[in-house]
1. Just checking, how many residues over the range 1-22 are open to solvent by less than 80 Å² (accessible area, probe 1.4 Å), part of a loop (DSSP other than H, G, I, E, B) and closer than 20 Å to Asp140 by Cβ?
2. Among the residues of the range 140-162, what is the count of those that are over 30 Å from Gly2 (Cα atoms), small (Gly, Ala, Ser) and at pLDDT below 95?
3. From Gln111, Gln124, grab the single residue that is outside any helix (DSSP H, G or I) and either under 18 Å from Ser22 (Cα atoms) or touching a Pro at 6+ places or on another chain (Cβ under 9 Å) (or both).
4. Which residues, taken from the range 54-71, are in a loop (DSSP other than H, G, I, E, B), touching a residue at least 12 places away in the same chain (Cβ under 8 Å) and of a type outside the set (A, V, I, L, M, F, W, C)?
5. Quick one: in the range 23-56, of everything that is open to solvent by 90 Å² or more (accessible area, probe 1.4 Å) and hydroxyl-bearing (Ser, Thr, Tyr), which residue is nearest to Lys75 (Cα to Cα)?
6. Among all residue pairs at least 6 apart or on different chains, which show Cβ distances below 6 Å where the first residue, located in the range 8-36, is more than 17 Å from Cys89 (Cβ to Cβ) and touching a residue at least 24 places away in the same chain (Cβ under 8 Å) and the second is open to solvent by 30 Å² or more (accessible area, probe 1.4 Å) and in a helix (DSSP H, G or I)?
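The values are calculated or read from the model by the stated rules, or taken from the named source; none is laboratory data. Keep in mind the model is a prediction, meaning the values are calculated, not measured. FYI the Cβ positions are ideal-geometry reconstructions off the backbone, even for glycines, and counts take in every protein chain you see. Just the protein is used for accessible areas: all its heavy atoms, side chains included, with ligands, DNA and RNA removed. Shrake-Rupley method; radii C 1.70, N 1.55, O 1.52, S 1.80 Å.
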Amino acid sequence: MGDKEEKLWQWVDSVLHYEPISWDRLPELDLYMDQVITLMSKELDPFSLEGERLLTPSMINNYVKDGVLPRPNQKKYGREHLSRLLMICTLKSVLSLPEIDSTLRGLTEVQPIRDLYQDFADAQNIALKEVAERVEGLSDQGEETMYQLAIGLALEANARRIAAARILDSLAPDPPPESKEPRKSRKEKGDAS
């Protein structure tokens, strides 16, 4: 068995034994940025490829600046921040940040963040285990079967991404109507460049 194949089976095993951190296991005391990065790196490990960083301090700062993540309290991040970061980092490979933001805002209007996060973690755990079990079933199969599963998983992921984007688009408020005034070209505005 090759090194890369061994890493695949190690990943499958780690996912089958993975349990997302529950709300109650999130630190009660607020964390500083470096502590957040350490915790997130550990929790997000099953979702990253070798050497990939799913979260950096500048990403956190940008999420705050863009309003996707609430501002920290005196440079400290609490359970709400941590749970949102876990959801953002998990979803950002599938949804855009504005889509993630509108989804989290929409859901937190109808349920507390604690319940939303726990529902999210439970659904994520089920989805991960289902995929890992499918991959585990390949352990005695040939390369062709592995390629077929890889393409099948990629097609499913794409179909689900498109469906999610369409659902979110249908829930988005309509943009304000554009002004009836025709747009002026650069030349009409006096721009001679």
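1. 1
2. Going residue by residue through the range 140-162, those that are over 30 Å from Gly2 (Cα atoms) are 159-162.
Now narrow it down to the ones that are small (Gly, Ala, Ser): 159.
Now narrow it down to the ones that are at pLDDT below 95: none.
Count: 0.
3. Working: Gln124 fails: outside any helix (DSSP H, G or I).
Exactly one of Gln111, Gln124 is outside any helix (DSSP H, G or I) and either under 18 Å from Ser22 (Cα atoms) or touching a Pro at 6+ places or on another chain (Cβ under 9 Å) (or both), namely Gln111.
4. Kept after step one, since they are in a loop (DSSP other than H, G, I, E, B), are these residues of the range 54-71: 54-56, 66-71.
Narrowing the set further to residues that are touching a residue at least 12 places away in the same chain (Cβ under 8 Å) leaves 54-56, 66-70.
Of everything in the range 54-71, those that are in a loop (DSSP other than H, G, I, E, B), touching a residue at least 12 places away in the same chain (Cβ under 8 Å) and of a type outside the set (A, V, I, L, M, F, W, C) turn out to be Thr56, Asp66, Gly67, Pro70.
5. Looking at the filtered set, the residue picked out is Tyr32.
6. Short answer, once both residue conditions are applied: Val12/Glu136.
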